[in-house]
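Q: One structure, as structure tokens, below. Some questions next.
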Amino acid sequence: MSSYVLSVLLVCLTISMSPNAIGNENGMMRMSQMPAFSDFDTNQDKLISEEEFERFQKARQALRESEGRLLKNSSNCDEMFERIDLDHNKFIDAEEFQSHREMMRNSK
């Protein structure tokens with residue numbers, strides 16, 4: 001239990017310390033970066049397990065809620081993991097993660 005709490009606190013600290021907003025051309029604030037692979041891979045085994053993915057998403061949602069913001073698509077965490085896990089081996093590797101990031105960037 002204490003390792004879970006520590007992990008959640010570390011994720012929250014990592015998120016809060018990262019540069020999370022920059023000004024755009026209208027002077028409005030927006031998110032500047034998607035989370036990095038290492039933000040999810042808490043045990044540093046070069047793979048993101050479904051548990052690590054869910055833990056990160058829940059911590060990120062809690063942080064956003066505390067700031068009065070919501071995380072899009074937070075209710076479909078299982079579906080999102082399955083979409084990113086292209087080889088369906090129950091882990092997301094760096095290549096699958098990067099592929100998903102590029103797809104998200106290109107869809108905007």
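The values are calculated or read from the model by the stated rules, or taken from the named source; none is laboratory data. Quantities reported herein were computed from a predicted structural model and do not represent experimental measurements. Cβ: placed from backbone, ideal geometry, glycine included. Neighbour counts: every protein chain shown. We work out accessible area using only protein heavy atoms, side chains counted, and drop any ligands, DNA or RNA first. Shrake-Rupley method; radii C 1.70, N 1.55, O 1.52, S 1.80 Å.
Q: Between K46 and M34, what length in nm is gained on full extension when 0.36 nm per residue of separation is reduced by their alpha carbon distance?
A: Result for the pair: 2.5 nm of gain on full extension.
Q: Write down the accessible area per residue of the stretch 35-105 in Å², having rolled a 1.4 Å probe over the full set of protein chains.
A: 64
Q: For a quick protection proxy, order the peptides 83-90, 51-58 by their average other-Cβ count within 10 Å, most packed first.
A: In decreasing order of mean packing, 83-90, 51-58 become 51-58, 83-90.
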